[in-house]
Amino acid sequence: MAAKTYDVVVIGAGPGGYVAAIRASQLGLKTAIVEREHMGGICLNWGCIPTKAMLRSSEVFHLMHRAKEFGLKAEGIGYDLDAVVKRSRAVAKQLNSGVGHLMKKNKVDVVMGEATLPAKGKVSVKTETGTEELQAKNIILATGARARELPGLEADGDRVWTYKHALQPPHMPKKLLVIGSGAIGIEFASFYNTLGAETMVVEVMDRILPVEDAEISTFAKKSFEKQGMKILQKAMVKQLDRAKTKVTAHIEVNGKVEKHDFDTVISAVGIVGNVEGLNLEGLGVKVDRTHVVTDEYCRTGVEGLYAIGDIAGAPWLAHKASHEGVMVAELIAGKNDVHPVKPESIAGCTYCHPQVASVGYSEAKAKELGYKVKVGRFPFIGNGKAIALGEAEGMIKTVFDEKTGELLGAHMIGSEVTEMIQGYVVGRQLETTEEDLMHTVFPHPTISEAMHEAVLDAYGRAIHI
């Protein structure tokens, strides 16, 4: 059978791949997308979206327990874990079929199966019915990543879970160990802890949420501990002894090994890129620690072959993948105003309770890069709306270049900060200075006023503190 010819073939239909395919088609390029599992990829089916649905359930549960504070009555409060999971899966399913509809609407051919690249410009797809051959001058790799498994700590789906098992739990954990305190680990710790699991988080670095500003990490740790979590920093899980109903973890802290029993362990120790089986080495693509090496325009060095999203390295964020997808489609279409995606302009969000969000450099990173900085802080306790909502736990921190007034970074913890961080992201995109932000009128009463005050505070002008 003759190979079908396209302008662009995208491999992987996650938030990078399907967005790249839509943009390529919008620009008049004949496009096909190959997906081996589910449209929408991990993010939509097993990551960002279903976890947010589950976290919303735990947030409502938490608020029900606080009913009295708000002058309300709620008695006999409980939950049905199966129903929580069912709602989360229904949300993912709805969006999954939405992506299929978008492919049809944008006239993108969908090929379900496993792809390999036998030669430059050629894609061979193993489908349920046989093999389909495609050829294209431009191929975009968007194959994503999967959970990293450490030797001896591998998931078994029964007592030791990855994120996938944690989204469809075979049982409700009573005593839970979470290994790793990045966004995935902390979100699951937050979810299960709120539902009543006795939760311990073990982090190998010197603080939890290690990519965040140190002050935010400290604030988060205090907050989580107040909610009953036990947090071990500079600690390492050396081995897991598995029994039928429990797992004994050997945890090294300060050079000493302690043993702790749990009924459930969630491993969230990072990710590895899906680079296998594609014949990348055969094509001369450089792979470094499971990630494809690219330039700032996502080019692999092999003509016509691009890599976007998680497979192309950090930051491992869906919105970064989507923007890279759009950028590469525009590059292929020959548009001349294409800008590379700058990692420091991408916000990171963690949907624990309280939420965490940041963009740009931490105070330490800015100083390390040689900037002389001005730093502002504002606590939610000084914000009327936060107090009215009963969400007075939080803070916002801003980092400015003393010389130019450039906003170098913003770091937030508290209610709805994942929605508010975008204000600072837009500001940075427009190359805003402290003066622009100070002159901006923020609506009252909103939590966003704390963003204004954090800027004013950097220059000794805060009003409400």
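The values are calculated or read from the model by the stated rules, or taken from the named source; none is laboratory data. All values derive from a computational prediction rather than experimental measurement. Here the Cβ positions follow ideal geometry from the backbone for every residue, glycine too, while neighbour counts run over all protein chains shown. Ligands, DNA and RNA are stripped out before the accessible areas are found, and what is left, the full protein with its side chains, is counted by its heavy atoms. Shrake-Rupley method; radii C 1.70, N 1.55, O 1.52, S 1.80 Å.
As a summary of the residue check, Ser322 satisfies the conditions (1) of a type in the set (S, T, N, Q); (2) over 30 Å from Glu59 (Cα atoms); (3) buried (at least 19 other Cβ atoms within 10 Å of the Cβ) except for the one numbered (2). So, Val257, is that one closer than 30 Å to Ile421 by Cβ, touching a residue at least 12 places away in the same chain (Cβ under 8 Å) and part of a strand (DSSP E or B) or not? Against the criterion (closer than 30 Å to Ile421 by Cβ, touching a residue at least 12 places away in the same chain (Cβ under 8 Å) and part of a strand (DSSP E or B)), Val257 does not qualify. Within region 215-235, can one find any residue that is at pLDDT 95 or above and under 30 Å from Ile308 (Cα atoms)? Among the residues of region 215-235, at least one is at pLDDT 95 or above and under 30 Å from Ile308 (Cα atoms), which makes the answer yes. Applying the set (1) in contact with a strand residue (DSSP E or B) (Cβ under 8 Å, 6 or more places away or on another chain); (2) closer than 22 Å to Cys349 by Cα to Arg242 leaves exactly one unmet item: (2).
Summed over region 167-200, residues that are among the aliphatic types (A, V, I, L, M), open to solvent by less than 60 Å² (accessible area, probe 1.4 Å) and closer than 20 Å to Thr418 by Cβ total 4.
So for region 335-346 (the condition being within 30 Å of Ala21 (Cα to Cα), touching a residue at least 12 places away in the same chain (Cβ under 8 Å), in contact with a Cys (Cβ under 6 Å, 6 or more places away or on another chain) and among the aliphatic types (A, V, I, L, M)), does at least one residue qualify? Within region 335-346, not a single residue is within 30 Å of Ala21 (Cα to Cα), touching a residue at least 12 places away in the same chain (Cβ under 8 Å), in contact with a Cys (Cβ under 6 Å, 6 or more places away or on another chain) and among the aliphatic types (A, V, I, L, M). Scanning region 341-359 finds no residues that are open to solvent by 30 Å² or more (accessible area, probe 1.4 Å), more than 18 Å from the chain's Cα centre (by Cα), at pLDDT below 95 and of a type in the set (Gly, Ala, Ser). Applying the criterion of being touching a Ser or Thr at 6+ places or on another chain (Cβ under 9 Å) and more than 21 Å from Glu212 (Cα to Cα) to the residues of region 417-446, the residue that is modelled with the lowest pLDDT is Thr432.
The set of residues from region 1-58 being open to solvent by less than 40 Å² (accessible area, probe 1.4 Å), in a helix (DSSP H, G or I) and out of contact with any Leu (no Cβ under 8 Å at 6 or more places or on another chain) comprises Gly17, Val19, Ala20, Ala21, Ala24, Ser25, Gly41, Cys43, Asn45, Ala53, Leu55, Ser57. Just to check your reading of the model, which residue among Val399, Val455, Val426 is part of a helix (DSSP H, G or I), β-branched (Val, Ile, Thr) and open to solvent by less than 10 Å² (accessible area, probe 1.4 Å)? Checking each option against the conditions leaves just Val455. Among residues of region 114-151 being in a loop (DSSP other than H, G, I, E, B), more than 26 Å from the chain's Cα centre (by Cα) and not hydroxyl-bearing (Ser, Thr, Tyr), the one that is nearest to Lys4 (Cα to Cα) is Gly121.
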